[in-house]
1. For region 230-248, name all the residues that are not small (Gly, Ala, Ser) and not in a loop (DSSP other than H, G, I, E, B).
2. So which residues in region 168-186 are surrounded by 11 or more Cβ atoms within 10 Å (Cβ to Cβ) and outside any loop (DSSP other than H, G, I, E, B)?
3. Among the residues of region 160-215, which ones are in contact with an Asp or Glu (Cβ under 6 Å, 6 or more places away or on another chain) and either closer than 21 Å to residue 230 by Cβ or not aliphatic (A, V, I, L, M) (or both)?
4. Restricting the first residue to region 230-241 and requiring it to be more than 14 Å from residue 203 (Cβ to Cβ), which pairs with a second residue that is among the aromatic types (Phe, Trp, Tyr) meet a Cβ separation below 6 Å and a spacing of at least six or different chains?
5. Tell me whether region 233-240 contains one or more residues that are among the hydrophobic types (A, V, I, L, M, F, W, C) and over 56 Å from the mean Cα position of the chain (by Cα).
6. Is it fair to say residue 291 is surrounded by 20 or more Cβ atoms within 10 Å (Cβ to Cβ) and touching a residue at least 12 places away in the same chain (Cβ under 8 Å)?
7. Do you know which of the residues in region 179-223 that are in contact with a strand residue (DSSP E or B) (Cβ under 8 Å, 6 or more places away or on another chain) and among the small types (Gly, Ala, Ser) is nearest to residue 290 (Cα to Cα)?
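The values are calculated or read from the model by the stated rules, or taken from the named source; none is laboratory data. All figures in this text were calculated on a predicted structure; none of them were measured in a lab. As a convention, Cβ positions derive from the backbone with ideal geometry for all residues, glycine included, and neighbour counts pool all protein chains shown.
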Amino acid sequence: MPRPSRPSWASRSGLFRRPASIALLAFACINAAPDAEAQAQAQAQASSKPDEPIAAPYWSDAWRGWHFYEDPEPEVRDTPATQPKTPALPPPTSPPPTSPPAPTPSTRPARAPELVEFDRLQKAVESYRNIAIMRPTEANVRRYMELEAKVVARASYFADVAQRVAWATPELDPTVHGRPVNAKALEVFDRDQLLSRSQSIASLGMDHVLFFFFRSDCPYCHAFAPTLTAFEARHGIKVVAISVDGGPMPGFADARADNGIANTLKVTQVPAVFLAQPYTGQITPIGFGVLSESELLERITTVSTPAAQAMLPSVNRQVVLQ
(Lines give C-alpha, C1' and ligand atoms only; values in the text may rest on other atoms or scores of the structure.)
Protein backbone atom coordinates (compact mmCIF):
# COMPACT_ATOMS: atom_id res chain seq x y z
CA MET A 1 0.00 0.00 0.00
CA PRO A 2 1.71 3.18 -1.03
CA ARG A 3 2.81 5.66 1.74
CA PRO A 4 0.97 8.79 1.54
CA SER A 5 3.17 11.66 0.48
CA ARG A 6 4.00 14.50 2.94
CA PRO A 7 2.58 17.70 2.28
CA SER A 8 5.09 20.25 1.06
CA TRP A 9 6.24 23.31 3.11
CA ALA A 10 4.05 25.44 1.05
CA SER A 11 1.06 23.30 1.68
CA ARG A 12 1.85 22.94 5.36
CA SER A 13 2.36 26.65 5.89
CA GLY A 14 -0.74 27.34 3.92
CA LEU A 15 1.17 29.79 1.75
CA PHE A 16 -0.62 28.79 -1.34
CA ARG A 17 -3.79 28.60 0.50
CA ARG A 18 -3.42 32.15 1.95
CA PRO A 19 -2.95 34.81 -0.67
CA ALA A 20 -2.45 37.46 2.08
CA SER A 21 0.68 35.72 3.33
CA ILE A 22 2.11 35.72 -0.15
CA ALA A 23 1.57 39.43 -0.46
CA LEU A 24 3.34 40.14 2.84
CA LEU A 25 6.33 38.05 1.86
CA ALA A 26 6.69 39.87 -1.42
CA PHE A 27 6.52 43.22 0.35
CA ALA A 28 9.32 42.22 2.74
CA CYS A 29 11.56 41.12 -0.12
CA ILE A 30 10.98 44.34 -1.99
CA ASN A 31 11.85 46.42 1.11
CA ALA A 32 14.92 44.37 1.86
CA ALA A 33 16.49 45.22 -1.46
CA PRO A 34 16.84 48.94 -0.81
CA ASP A 35 18.16 48.24 2.72
CA ALA A 36 20.91 46.06 1.31
CA GLU A 37 21.74 48.69 -1.25
CA ALA A 38 21.92 51.37 1.48
CA GLN A 39 24.16 49.18 3.58
CA ALA A 40 26.50 48.67 0.65
CA GLN A 41 26.65 52.41 0.01
CA ALA A 42 27.45 53.06 3.70
CA GLN A 43 30.30 50.56 3.58
CA ALA A 44 31.63 52.19 0.42
CA GLN A 45 31.58 55.59 2.02
CA ALA A 46 33.32 54.26 5.08
CA SER A 47 36.08 52.79 2.92
CA SER A 48 36.47 56.04 0.94
CA LYS A 49 36.69 58.20 4.11
CA PRO A 50 38.64 56.25 6.68
CA ASP A 51 39.37 59.32 8.83
CA GLU A 52 35.75 60.29 9.42
CA PRO A 53 33.69 58.46 12.03
CA ILE A 54 31.16 56.00 10.63
CA ALA A 55 27.58 56.92 11.37
CA ALA A 56 25.58 53.95 12.55
CA PRO A 57 22.58 53.14 10.30
CA TYR A 58 19.23 53.95 11.68
CA TRP A 59 18.04 50.35 11.69
CA SER A 60 20.75 49.44 14.16
CA ASP A 61 19.13 51.69 16.79
CA ALA A 62 15.95 49.78 17.38
CA TRP A 63 15.48 51.46 20.70
CA ARG A 64 14.84 54.82 19.02
CA GLY A 65 11.84 53.66 17.10
CA TRP A 66 10.72 54.97 13.77
CA HIS A 67 9.67 58.41 14.92
CA PHE A 68 12.52 60.30 16.68
CA TYR A 69 14.19 63.65 16.43
CA GLU A 70 17.62 64.61 17.72
CA ASP A 71 18.91 68.10 18.47
CA PRO A 72 21.57 69.25 16.04
CA GLU A 73 25.10 68.83 17.23
CA PRO A 74 26.69 72.06 18.52
CA GLU A 75 29.03 73.82 16.21
CA VAL A 76 32.65 73.39 17.11
CA ARG A 77 34.43 76.71 16.81
CA ASP A 78 38.03 76.85 15.88
CA THR A 79 39.87 77.76 19.04
CA PRO A 80 42.94 79.88 18.39
CA ALA A 81 46.17 78.27 19.09
CA THR A 82 47.35 78.94 22.56
CA GLN A 83 49.94 81.63 22.54
CA PRO A 84 53.21 80.71 24.05
CA LYS A 85 53.55 82.06 27.51
CA THR A 86 56.28 84.59 27.90
CA PRO A 87 58.62 83.60 30.64
CA ALA A 88 58.18 85.67 33.74
CA LEU A 89 60.97 88.12 34.16
CA PRO A 90 62.69 88.15 37.47
CA PRO A 91 61.73 91.12 39.65
CA PRO A 92 64.04 94.10 39.35
CA THR A 93 66.63 94.18 41.95
CA SER A 94 65.90 97.08 44.29
CA PRO A 95 68.69 98.91 45.97
CA PRO A 96 69.26 97.93 49.54
CA PRO A 97 67.02 99.93 51.90
CA THR A 98 68.74 102.87 53.38
CA SER A 99 68.10 103.72 56.97
CA PRO A 100 65.97 106.90 57.36
CA PRO A 101 67.81 109.96 58.54
CA ALA A 102 67.72 110.45 62.22
CA PRO A 103 65.06 113.03 63.20
CA THR A 104 66.54 116.30 64.19
CA PRO A 105 65.31 117.36 67.61
CA SER A 106 63.04 120.39 67.47
CA THR A 107 64.86 123.33 68.81
CA ARG A 108 62.41 125.31 70.91
CA PRO A 109 63.50 128.66 72.19
CA ALA A 110 64.23 128.47 75.83
CA ARG A 111 61.72 130.37 77.96
CA ALA A 112 62.92 133.26 79.97
CA PRO A 113 63.40 132.42 83.64
CA GLU A 114 61.07 135.29 84.55
CA LEU A 115 58.23 133.63 82.66
CA VAL A 116 58.88 130.31 84.37
CA GLU A 117 58.85 132.04 87.76
CA PHE A 118 55.65 133.94 86.89
CA ASP A 119 53.84 130.73 85.87
CA ARG A 120 54.98 129.04 89.07
CA LEU A 121 53.76 131.98 91.17
CA GLN A 122 50.42 132.14 89.38
CA LYS A 123 49.77 128.41 89.85
CA ALA A 124 50.78 128.63 93.51
CA VAL A 125 48.35 131.51 94.16
CA GLU A 126 45.51 129.61 92.50
CA SER A 127 46.29 126.39 94.34
CA TYR A 128 46.58 128.07 97.76
CA ARG A 129 43.32 129.96 97.18
CA ASN A 130 41.41 126.82 96.16
CA ILE A 131 42.74 124.90 99.12
CA ALA A 132 41.79 127.72 101.48
CA ILE A 133 38.28 127.84 100.01
CA MET A 134 37.69 124.10 100.24
CA ARG A 135 39.38 123.73 103.67
CA PRO A 136 39.37 127.13 105.37
CA THR A 137 41.64 126.31 108.24
CA GLU A 138 43.72 128.99 109.88
CA ALA A 139 46.95 127.63 108.42
CA ASN A 140 45.56 127.40 104.85
CA VAL A 141 44.07 130.90 104.91
CA ARG A 142 47.25 132.39 106.37
CA ARG A 143 49.40 130.71 103.75
CA TYR A 144 47.20 132.10 100.95
CA MET A 145 47.12 135.61 102.43
CA GLU A 146 50.89 135.72 102.84
CA LEU A 147 51.42 134.73 99.22
CA GLU A 148 48.79 137.24 98.05
CA ALA A 149 50.53 140.03 100.00
CA LYS A 150 53.77 139.24 98.20
CA VAL A 151 51.99 139.43 94.84
CA VAL A 152 50.35 142.78 95.74
CA ALA A 153 53.70 144.22 96.81
CA ARG A 154 55.28 143.12 93.55
CA ALA A 155 52.41 144.70 91.55
CA SER A 156 52.69 147.95 93.53
CA TYR A 157 56.38 148.14 92.81
CA PHE A 158 55.65 147.64 89.10
CA ALA A 159 53.12 150.54 89.20
CA ASP A 160 55.69 152.84 90.78
CA VAL A 161 58.28 152.05 88.15
CA ALA A 162 55.73 152.55 85.33
CA GLN A 163 54.77 155.95 86.76
CA ARG A 164 58.36 157.14 86.87
CA VAL A 165 58.88 155.99 83.29
CA ALA A 166 55.77 157.93 82.19
CA TRP A 167 56.99 161.08 83.91
CA ALA A 168 60.29 160.86 82.08
CA THR A 169 58.68 160.04 78.70
CA PRO A 170 55.99 162.53 77.51
CA GLU A 171 54.85 160.18 74.76
CA LEU A 172 53.82 157.66 77.44
CA ASP A 173 52.28 160.10 79.90
CA PRO A 174 48.44 159.89 79.71
CA THR A 175 48.01 163.24 81.50
CA VAL A 176 49.69 165.08 78.65
CA HIS A 177 47.47 163.64 75.90
CA GLY A 178 43.69 164.01 75.96
CA ARG A 179 41.73 165.60 78.75
CA PRO A 180 43.99 166.74 81.60
CA VAL A 181 43.29 166.05 85.26
CA ASN A 182 44.69 169.26 86.77
CA ALA A 183 42.09 171.94 87.50
CA LYS A 184 44.03 174.81 85.90
CA ALA A 185 44.91 172.69 82.88
CA LEU A 186 41.30 171.54 82.65
CA GLU A 187 40.07 175.14 82.54
CA VAL A 188 42.45 175.98 79.71
CA PHE A 189 41.53 172.81 77.89
CA ASP A 190 37.79 173.56 78.03
CA ARG A 191 38.33 177.13 76.81
CA ASP A 192 40.42 175.99 73.86
CA GLN A 193 37.98 173.21 73.12
CA LEU A 194 35.06 175.63 73.08
CA LEU A 195 36.84 178.04 70.76
CA SER A 196 37.83 175.31 68.36
CA ARG A 197 34.35 173.81 68.23
CA SER A 198 32.74 177.21 67.82
CA GLN A 199 34.91 177.93 64.80
CA SER A 200 34.04 174.53 63.37
CA ILE A 201 30.30 175.14 63.83
CA ALA A 202 30.62 178.58 62.21
CA SER A 203 32.22 177.11 59.11
CA LEU A 204 29.66 174.30 59.12
CA GLY A 205 26.82 176.82 59.24
CA MET A 206 27.69 178.10 55.77
CA ASP A 207 25.83 175.17 54.13
CA HIS A 208 24.13 173.43 57.07
CA VAL A 209 21.11 174.19 59.24
CA LEU A 210 19.63 172.77 62.42
CA PHE A 211 16.10 171.36 62.32
CA PHE A 212 14.28 171.92 65.61
CA PHE A 213 11.09 169.86 65.87
CA PHE A 214 8.72 170.94 68.66
CA ARG A 215 5.13 170.91 69.80
CA SER A 216 3.43 174.01 71.13
CA ASP A 217 2.10 172.14 74.18
CA CYS A 218 5.47 170.51 75.09
CA PRO A 219 7.05 172.09 78.22
CA TYR A 220 10.46 170.59 77.41
CA CYS A 221 10.35 172.23 73.99
CA HIS A 222 9.68 175.61 75.62
CA ALA A 223 12.61 175.05 78.02
CA PHE A 224 14.94 174.04 75.20
CA ALA A 225 14.01 176.88 72.80
CA PRO A 226 16.11 179.65 74.55
CA THR A 227 19.23 177.43 74.41
CA LEU A 228 18.82 177.03 70.65
CA THR A 229 18.25 180.77 70.21
CA ALA A 230 21.49 181.58 72.06
CA PHE A 231 23.32 178.82 70.21
CA GLU A 232 22.28 180.29 66.87
CA ALA A 233 23.41 183.79 67.87
CA ARG A 234 26.76 182.65 69.33
CA HIS A 235 27.93 180.13 66.74
CA GLY A 236 26.34 181.39 63.54
CA ILE A 237 24.38 178.33 62.41
CA LYS A 238 20.75 178.85 61.43
CA VAL A 239 18.02 177.02 63.38
CA VAL A 240 14.88 176.11 61.42
CA ALA A 241 11.99 175.51 63.83
CA ILE A 242 9.29 173.06 62.66
CA SER A 243 6.02 172.81 64.56
CA VAL A 244 4.64 169.29 64.58
CA ASP A 245 1.18 170.36 65.75
CA GLY A 246 1.22 173.70 63.92
CA GLY A 247 1.35 175.80 67.11
CA PRO A 248 3.77 178.72 67.81
CA MET A 249 7.00 178.73 69.83
CA PRO A 250 8.37 181.85 71.60
CA GLY A 251 11.67 182.99 70.11
CA PHE A 252 10.88 181.40 66.72
CA ALA A 253 8.40 183.66 65.06
CA ASP A 254 9.22 182.16 61.67
CA ALA A 255 8.47 178.58 62.75
CA ARG A 256 7.09 176.45 59.91
CA ALA A 257 4.31 173.95 60.04
CA ASP A 258 5.21 170.34 59.47
CA ASN A 259 4.64 169.30 55.85
CA GLY A 260 5.41 165.58 56.40
CA ILE A 261 9.13 165.83 57.02
CA ALA A 262 8.68 164.76 60.66
CA ASN A 263 7.06 161.55 59.49
CA THR A 264 9.82 161.05 56.91
CA LEU A 265 12.53 161.42 59.56
CA LYS A 266 10.49 159.28 62.00
CA VAL A 267 10.35 161.94 64.68
CA THR A 268 8.42 160.27 67.51
CA GLN A 269 9.69 162.41 70.38
CA VAL A 270 10.16 166.15 70.80
CA PRO A 271 12.19 168.23 71.15
CA ALA A 272 14.40 166.82 68.43
CA VAL A 273 17.41 168.34 66.67
CA PHE A 274 18.80 167.26 63.27
CA LEU A 275 21.80 168.55 61.33
CA ALA A 276 20.78 169.00 57.69
CA GLN A 277 22.55 170.01 54.50
CA PRO A 278 19.75 171.19 52.19
CA TYR A 279 21.84 171.15 49.00
CA THR A 280 22.75 167.46 49.31
CA GLY A 281 19.71 166.29 51.27
CA GLN A 282 21.84 164.66 53.97
CA ILE A 283 20.21 164.75 57.41
CA THR A 284 21.84 163.41 60.59
CA PRO A 285 20.14 163.19 64.00
CA ILE A 286 21.84 165.14 66.79
CA GLY A 287 19.69 164.23 69.78
CA PHE A 288 16.29 164.15 71.46
CA GLY A 289 15.24 165.89 74.63
CA VAL A 290 16.69 168.96 76.32
CA LEU A 291 20.43 169.39 75.56
CA SER A 292 22.93 171.89 76.90
CA GLU A 293 25.02 174.18 74.71
CA SER A 294 28.19 172.19 75.38
CA GLU A 295 26.41 168.95 74.43
CA LEU A 296 25.21 170.52 71.20
CA LEU A 297 28.75 171.65 70.40
CA GLU A 298 30.25 168.25 71.10
CA ARG A 299 27.64 166.27 69.17
CA ILE A 300 27.57 168.51 66.12
CA THR A 301 31.37 168.57 65.94
CA THR A 302 31.51 164.80 66.30
CA VAL A 303 28.96 163.94 63.62
CA SER A 304 30.33 166.49 61.15
CA THR A 305 33.72 164.79 60.80
CA PRO A 306 34.11 162.55 57.72
CA ALA A 307 35.00 159.50 59.82
CA ALA A 308 31.96 159.96 62.06
CA GLN A 309 29.56 160.35 59.12
CA ALA A 310 30.34 156.81 58.02
CA MET A 311 29.61 155.40 61.50
CA LEU A 312 26.61 157.39 62.67
CA PRO A 313 23.11 156.82 61.26
CA SER A 314 22.01 159.32 58.70
CA VAL A 315 18.88 159.85 56.65
CA ASN A 316 19.36 160.94 53.08
CA ARG A 317 16.19 162.71 52.08
CA GLN A 318 15.56 165.64 49.83
CA VAL A 319 14.72 168.51 52.17
CA VAL A 320 11.55 170.23 51.05
CA LEU A 321 10.26 173.03 53.25
CA GLN A 322 7.43 175.37 52.44
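1. First, pick out the residues of region 230-248 that are not small (Gly, Ala, Ser): 231-232, 234-235, 237-240, 242, 244-245, 248.
Within region 230-248, 231, 232, 234, 235, 238, 239, 240, 242 meet the criteria.
2. Selection gives 172, 185, 186.
3. Residue satisfying the conditions is 215 alone.
4. If the second residue must be among the aromatic types (Phe, Trp, Tyr), the pairs left are 239/212; 240/211; 241/212; 241/252.
5. Yes - at least one qualifying residue is present in region 233-240.
6. In short, no.
7. The qualifying residue nearest to residue 290 (Cα to Cα) is 216.
Yes/no per residue for (1) of a type in the set (Lys, Arg); (2) in the same structural domain as residue 241 (by TED's automatic domain parsing); (3) without any contact (Cβ under 8 Å) to a residue 60 or more places away in the chain; (4) farther than 13 Å from residue 304 by Cβ:
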residue: 171; (1), (2), (3), (4): no, no, yes, yes
residue: 187; (1), (2), (3), (4): no, yes, yes, yes
residue: 192; (1), (2), (3), (4): no, yes, yes, yes
residue: 201; (1), (2), (3), (4): no, yes, no, no
